[in-house]
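A quick write-up on the structure given underneath.
The values are calculated or read from the model by the stated rules, or taken from the named source; none is laboratory data. Since the structure is predicted, the reported quantities are computational estimates derived from the model, not experimental observations. Glycine gets a Cβ as well: all are built from the backbone with ideal geometry, and neighbour counts include every protein chain shown.
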C-alpha cells in the first residue's frame, strides 16, 4: 500500500518544483494517506483495493491543491513577533505613565487627578486591542463582533471624557456626556448597518433619528432650559422617522409595481410564441 | 478538536418531532439468495465515510444545535444473524428499535436469514434523511454492492448541500421570490378527527402493522384507475378516507381532511440528485366534504380536493419560510418553543413511498422478492398509513406505539381499506 501511495505522489508532485517545502509536504501527505488507510481497516473495511481507492478519493482535487501550494506566497511569519512588540510597548507605555504619575506626585505633590494618566493609558491600550480585533472581524465579515467592539470602545471614550471634564475642568453637568454617548453609539451602529448594507439599516435609521432628537431635547433642556418649545424636537424626530419609513415603503412599492406592470404586460399584451405550440 | 457539521432546519424540525414519533425510518428487503456480508461491510463503510452525518451525534445545544462527527466501526452499524428460527420475528424486533440522537452512528443495518430467505433491514434517523432519500440510499447501496462483488469501482452516493434552500433550486427567480414569501402555516389544518386507538397504557410498545394487497386486486384497481386517468395515490386516498369514516364512525356528511406527504424534490434541480442526503418532504391537504354514497363518490371528492393542490406550482412549499425565519431569528430553545406553539402535527396522515424497484435493488444473484419501507413509529393519537410496492404487491404499513387492542383496530382498518378496493373494482368492472 505504501509503495502505491508513494508512486501516486511521485507522479502528482512532478507538477511542482522539487524544493524542501515540497518534500516536506509530500512526506506529510504520505503519512496522512497511510493513517487514513489504517483508520479504514480499523473501521472494518477489508478490501485493500477499496481502501486504496477510498483514500485516493479524498485527494481528487490534489492537483489543484499542489498548484495552490506552489503559488502560495511564503511570507515572513512576523505576526507573533509583532504581538510581542505590541505587548512590550503597551507595558512600557503604562509603566512610563505610572512613573510619570509618581514623579509628578513626589515632586509637585499632585496626586489627583494625574491618576487619569494611568486610566487613559489603559483605555488607550484597550482601544488599540479593539482596533486590531475589529480589523480582523471586518476581514472575516463578523459584523456583530465589530458592532460590540465599537459600542464598548465608545463607552470607554465617554467614561474618560467624563472623568477629564469632571475632574480637570470647571464645566458643570458633564454627566450629560453619557446622554450624548447613547446617541453616538446608536448613530455609529446605524452607520455600520449602512456600511455593511445590512437589511436592518432602514429600521435602525428612524430609531437613531428619534433617540438623537430625545437626547438633544433633554440636553438643551438642562443646559439652556428650553424645555418648551424644545419638546417639538421629540415630535420632529418622530415625523422625520415616519417620513423615512414612508419614503422607504413608497420606493419599495414603486419598484414592485414596475416589476408587476412588466409581468402583466408580458403576460397579457405581448405576443407569446408558445401560444401556437404549448398546451 | 472534534469535527462538527451544521444542523440544518429539517434536522432541527425532525428533532422537534420527537414528541410525536420515534424519528426512525424503516426498510426491509427480502431476498431469495445469500447476501455477501464481506462485500456489504466494505460498501457500508465506504458509504458512511462519504456521508459524515451518518456517523455523527446530534448535540441539542440550546443556542445552535449541531452534529459532531464520531468514530465508529462496522460493528456499530451492521448486525448479522444467519441462523434465525423465525425470520419475520427477528426482523421485526430489529426494526422496532430506536437510535438515540447522541449515538455515534445514525443508522443500523442487519442481515438476517433462516436459510431460505435473506433479509436486509435498515433503520435510519429521520433527521438524516426522509423516505425519498432513503429509497435513493438503498438503490445506491445495491448499485455499489454489485460493483464491489464485480470488482468494479466508481461507487456513488450524493454528497451535496443539505440546506433547506435547495428546495427552491429548480424554480425561476420570480417563482423563488414568491415561494420564499409563503409564510402561511399549512399545518394548521382545521380537523380534529383522530384514529380511534386506545388511550396510552403501560402495555404500549412499538409495532409495525402490515397488510399486503393481493397482486390481482392491486392490478385491477390500478388498471381501472388508468382508464379513469386517476393515480394510485388518488385511489389510495379515496380507499383510506372512506375506511376512516367507517372506523372512526364519523358522520358521513362531515368534512374530513387528510395530509398527504409530498416529495419536494420535484422543485429541486435534477430531482435532488445533487443535494446531500436530507429531508425534503412537505404535505398537501386532501379535504373531502363528505363520505359519498359509493367509493366512486369518495374518489370524486378526493379528486376535487387534490386537483387544487396539483395545480398549485408551490405545492408543499408553504410554511417553509416561516420555519426558516423562526430558526434564523431565535436561538434553538426559543425557536423550538415558538414552533411547537404554532405547529400542529397532523393526527392522521398518508405517505405513498411508492415502488421499491426490484431490478435496482438486486444484490448480486439475490433477487428482491418482498419488502417494504415505512416512516416513523407514531405516538398516540397520531397515525400514518405508508404504502410501498414491490414486484406488483402493495404493502400497507401503520407504525404505532400501541397494544394488542390497537393492533386489532389497525387490522380491522386494513380490512376496511381492502374492502373499499374490492368495492371499487366491482363497481367499475366494466372498465377492466
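Summary table
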quantity	calculated
Among the candidates A:43, A:75, residue that is without any contact (Cβ under 8 Å) to a residue 24 or more places away in the chain and closer than 30 Å to residue B:73 by Cβ	A:43
Condition broken by residue B:54, with the remaining ones in (1) within 14 Å of another protein chain (Cβ to nearest Cβ); (2) surrounded by fewer than 20 Cβ atoms within 10 Å (Cβ to Cβ); (3) in contact (Cβ under 8 Å) with a residue 40 or more places away in the chain; (4) under 27 Å from residue B:210 (Cβ atoms) satisfied	(2)
Counted residues, the stretch B:35-51 - those being facing another protein chain (nearest Cβ under 8 Å) and farther than 22 Å from residue A:55 by Cα	0
Flag if residue B:28 is within 13 Å of another protein chain (Cβ to nearest Cβ), outside any loop (DSSP other than H, G, I, E, B) and touching a helix residue (DSSP H, G or I) at 6+ places or on another chain (Cβ under 9 Å)	no
Search result, residues across the stretch B:382-404 that are in a loop (DSSP other than H, G, I, E, B) and within 20 Å of residue B:97 (Cα to Cα)	B:382, B:403
Any hit, the stretch A:71-79, residues being surrounded by fewer than 12 Cβ atoms within 10 Å (Cβ to Cβ) and over 30 Å from residue A:9 (Cβ atoms)	yes
Matching entry among A:232, A:222, A:214, A:264 (being on the phi < 0 side of the Ramachandran plot, within 32 Å of the chain's Cα centre (by Cα) and not assigned by TED's automatic domain parsing to the domain that holds residue A:140)	A:214
Selection from the stretch B:422-432 of residues that are surrounded by fewer than 23 Cβ atoms within 10 Å (Cβ to Cβ) and part of a helix (DSSP H, G or I)	B:422, B:423, B:425, B:426, B:427, B:429, B:430, B:431
Of all residues making up the stretch B:344-358, the number that are modelled with pLDDT under 90 and surrounded by fewer than 20 Cβ atoms within 10 Å (Cβ to Cβ)	2
Checklist (1) over 30 Å from residue A:6 (Cβ atoms); (2) within 14 Å of chain B (Cβ to nearest Cβ) applied to residue A:56, failing item	(1)
Residue check, residue A:128 more than 14 Å from chain B (Cβ to nearest Cβ), part of a helix (DSSP H, G or I) and free of Cβ contacts under 8 Å to residues at least 24 places away in the same chain	no
Residue A:253 vs. criteria outside any helix (DSSP H, G or I) and outside the structural domain of residue A:156 (by TED's automatic domain parsing)	no
Filter result (part of a loop (DSSP other than H, G, I, E, B) and either within 14 Å of chain A (Cβ to nearest Cβ) or closer than 30 Å to residue B:334 by Cβ (or both)) within the stretch B:57-83	B:60, B:61, B:62, B:63, B:64, B:65, B:70, B:71, B:72, B:73
Qualifying residue in the stretch B:134-150 (condition: without any contact (Cβ under 8 Å) to a residue 12 or more places away in the chain, in a helix (DSSP H, G or I), within 14 Å of another protein chain (Cβ to nearest Cβ) and farther than 30 Å from residue B:318 by Cβ)	yes
Filtered residues of the stretch B:151-175 (kept if away from chain A (no Cβ under 14 Å) and in a helix (DSSP H, G or I))	B:164, B:165, B:166, B:167, B:168
